[in-house]
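Below: one structure, written as structure tokens.
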Amino acid sequence: MSILAVSIAEVREQIAAATHAARSQGTANPVVALVPTMGALHAGHLALVARAREMADVVVVSIFVNPLQFGEAEDLDRYPRDLTGDRAALDEATASAVPRPGSGSSSVGEIIVFAPSAAEMYPDGKTQTKISAGNVGNLLEGRSRAGHFDGVLVVVNKLLNIARPDVVLFGQKDAQQVFVVSRMVRDLNIPVVVEVVETVREDDGLALSSRNRFLDKGERLAARVLSQTLEAAESAASSGIDAVIAAAQSASMGEPLVKLEYLAVVNPKSFLPVDDNYHGKAIVAVAARVGSTRLIDNESVYLG
């Protein structure tokens, strides 16, 4: 069974107990991994947990729907919450796991689930201390969701300070989030390794998302156009930026249930749009509304 902690004091006690147990079983310097989530766990989240188990002796999964990263018109109240189901999924993952190579532990440790309330994380309401995502925080997702990344950085910083992990894991699907978090870690000299795990997809290419459950049958079929758009962009990458944009736009057209919000090609080192003469690795990022549900996706390409 996973171990549930709902307060900051509890999760710190559980992490301390787990690291002590690992030392008693022969692990001199136990590694702690944190997997931040907003719950409604799916196979993409479990891939993060599996990677955390490969890297660490103690795994903490936070489940917290962070109000700071939702705007007034966004779906905070609608966002799915199922702590019982989430813990069941983690327990199943624990039961099928194997010890980390080189670990002194003879059995796989339980996952520590940190599921605080908003009052526990923000006892005085919205924090007066702010962390700015800078110019990148106002582009793409930031343009569509004002203040979103500032809210992400506050909660990630708090979680890192609470759990004090050696490694924190994120999915590549949220590429812009990965960028701003990684930059915050560098800028503020936070002693943690940011590990990025490849996007997990359905058999037809749709990236797994907690919001996919809001799609009806027709919308679910239509949503495939996002991954098809990225596939078209990747196929055209050797011909340069103009070919990528043309191919992606062509692939995204003709699906009335999908309303494209943005299609961008950015430099992974800056997350700023590349210019017409750019050659090298790039990220093609897309966001769209499928019915009333907003989805994002991205793919790395190499521009010729």
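The values are calculated or read from the model by the stated rules, or taken from the named source; none is laboratory data. Note that the structure is a prediction, hence the values are computed from the model and not measured. Cβ sites come from the backbone with ideal geometry, for glycine too, and all protein chains shown count toward neighbours. For accessibility, only protein heavy atoms count, side chains too; no ligands or nucleic acids. Shrake-Rupley method; radii C 1.70, N 1.55, O 1.52, S 1.80 Å.
Computed FRET efficiency, Cβ-Cβ of ASN277 and ALA146, R0 35 Å: what is it to the nearest 0.05?
0.65
Can you give me the accessible area per residue for the range 1-104, using a 1.4 Å probe, in Å²?
Dividing the accessible area of the range 1-104 by its residue count gives 48 Å².
Quick one: putting +1 on the C-beta of Lys and Arg, -1 on the C-beta of Asp and Glu, what dipole do you get for the chain around its Cα centre, in Debye to the nearest 20?
440 debye
Mind checking the full-extension length gain between ASN138 and SER270? Use 0.36 nm per residue of separation minus the Cα-Cα distance, one decimal, nm.
Full extension from ASN138 to SER270 adds 46.2 nm.
What FRET efficiency would be calculated for the residue pair ASP77, ALA28, taking the C-beta separation as r and a Förster radius of 45 Å, to the nearest 0.05?
The value I calculate is 0.45.
Only bridges whose two residues both fall in the chain count here: according to DSSP, what percent of them are antiparallel, nearest 5?
50 percent
Work out, step by step, the length gained on full extension between ARG213 and MET55: first 0.36 nm times the residue separation, then minus their alpha carbon distance; give nm to one decimal.
Gain on stretching ARG213 to MET55: 53.8 nm.
Could the peptides 134-144, 272-282, 17-27 be put in order, highest first, of the mean number of other beta-carbon atoms found within 10 Å of their residues?
134-144, 17-27, 272-282
Before rounding to the nearest 500, sum -39500 (n - 2.57) across all DSSP H runs of length at least 4 in the chain and divide by the residue total; then give [θ] at 222 nm in deg cm²/dmol.
Mean residue ellipticity, 222 nm, calculated: -11000 deg cm²/dmol.
Which order do the peptides 283-289, 211-217 take when ranked by the mean count of other beta-carbon atoms within 10 Å per residue, highest first?
Top of the packing list down: 283-289, 211-217.
Taking the range 154-304, how many lysine pairs are there with alpha carbons less than 30 Å apart, if each pair must be eight or more places apart or span two chains?
Close lysine pairs found across the range 154-304: 10.
In debye to the nearest 20, how big a dipole does the range 202-249 give about its Cα centre with +1 on each Lys and Arg Cβ and -1 on each Asp and Glu Cβ?
In debye, rounded to 20, the range 202-249 gives about 240.
Excluding ligands, DNA and RNA, what is the solvent-accessible area per residue of the range 148-304 at a probe of 1.4 Å, expressed in Å²?
Ligands and nucleic acids excluded, the result is 46 Å² per residue.
Charges only on Cβ, +1 for Lys and Arg, -1 for Asp and Glu: so what's the dipole of the range 98-228 about the Cα centre, in debye to the nearest 20?
I would put it at about 260 debye.
At a Förster distance of 41 Å, what's the computed FRET efficiency of LEU188 paired with SER292, Cβ-Cβ distance as r, to 0.05?
In this case the efficiency is close to 0.65.
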